[in-house]
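Working notes, beginning with the structure itself.
Just so you know, all these numbers are worked out from the coordinates, no wet-lab data involved. Everything quoted here is computed from the prediction, not taken from an experiment. When we count neighbours, we look across all protein chains shown, and the Cβ atoms used for this are built from the backbone with ideal geometry, even at glycine.
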Amino acid sequence: MRMLLIAILAAVIIAPANAADSASLSGNWQVHVTIGDYDNQIVCSFTQKDQALTGTCGTDNGPVQITGTVNGNKVTWSYKTEYNNGPVTPAYDGTWDLAGKITGTINVPELNASGDFSAVQQPPQNPPAAAAPPAPPSENAQAAPAVPIDPAAAARGQQLFLQNCSFCHGPDARGGAEGGVDLTRSAIVNSDPTAAQLIAFLKTGRPPRMPAFDNLTDDQVKDISAFVRSQNVAAGGRAPLVAIVVGDPLAGEEFFNGAGKCATCHSVTGDLKGIGSKYDVLTLQGRIILPRGKGGWPNIISPFEVVNPPDVPKKVTVTEPDGIVTTGDMISISDFDVVLRDASGIRHTFARNGDVPKVVVTDPLQAHIDLIKTLTDKEMHDLTAYLVTLK
């Protein structure tokens, strides 16, 4: 009996270690980062060898190399990047549940800032089966779904979509009054008829604009995917938007240095160095005409690798009746209060009563906002064409 108890205890003790040894962090992970009011998602591609962790993470400045360690279910990694033209080294320290999720804290010592992160492992993509070369499309041919759409699944998906998604994305998935995007053009939906990517995406969402829908089962998400793809067909086989550079880069350079006054604030050897390699055409043009809201277009490297340029905060200066002046990044302002974060990261809230305290708001992007009022289509296309050449 004593030997039997020893054997049972040994099995209980050894089993977790074996489970950790058999699991691996290798693969793609969607990482959701929250530091104060900063909220973003990146994709990291990990390679685990024993306790060493290497790979890349997509940042606002493009992919960067990471180094880290795996010790049981404890995971750490860090990388070097830039924020507001200064070097930073975000460091992640998390706990791995061995089943596809990591949660923990992120620290950026250079900014004296910290926050939380959660990471979800993306399902591996099966290689496509070999197929005969497709016949050349006819002049009037329209794109068709990669797999047939099950009408019953689409019907079930329509009911689920109306209950969960239509408020923002409209009843036909082509955009709604609350600003939801046209999902019939979604790369996540159109590039993956199996809905594996959509399932993973909905488990985390894209806060704060889009919450997670982890209450939906995998089968329900597949039905929603079938409905959205059926709307794509109903819309005439819409394909995702393709950006074509149509402007004159030489004219764009002249506008940049002349009438556009872009060189007043920007430098092609400084903050804009290599920008043509960092962001796609849609993002570049979007940042010209929509300087806030991430330009209206994510930089999609893959359906999950969404890397958005950070928004430049407005600056606010509050002068109290006793002469104390506080300056920082504006978080919010109303007739009743103003909230800001100072250079040390401390959050301040001031009650307002008419013009007391004195509040002055300045917008670093005001030149962009003013430019929109006079910018012509040609100038916009020429300027985009020039920025694309800045590799």
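Within the set of other residues whose C-beta is less than 13 Å from the C-beta of residue 254, count the net charge using Lys and Arg as +1 and Asp and Glu as -1.
Spelling it out: positives minus negatives among the neighbours equals -2.
Of the listed pairs 49/101; 315/373; 315/391; 261/373; 273/373; 80/278, which have alpha-carbon separations greater than 24 Å here?
315/391; 273/373
For region 315-363, what log10 I(q)/I(0) values come out of the Debye formula at q = 0.17, 0.18, 0.21, 0.24 1/Å, with one point per alpha carbon and no solvent?
Each listed q maps to, in turn, -0.41, -0.46, -0.63, -0.83.
So who's got an amide H within less than 5 Å of the one on residue 248, skipping anything under 5 residues away but keeping other chains? H placed 1.01 Å off N, in plane.
382
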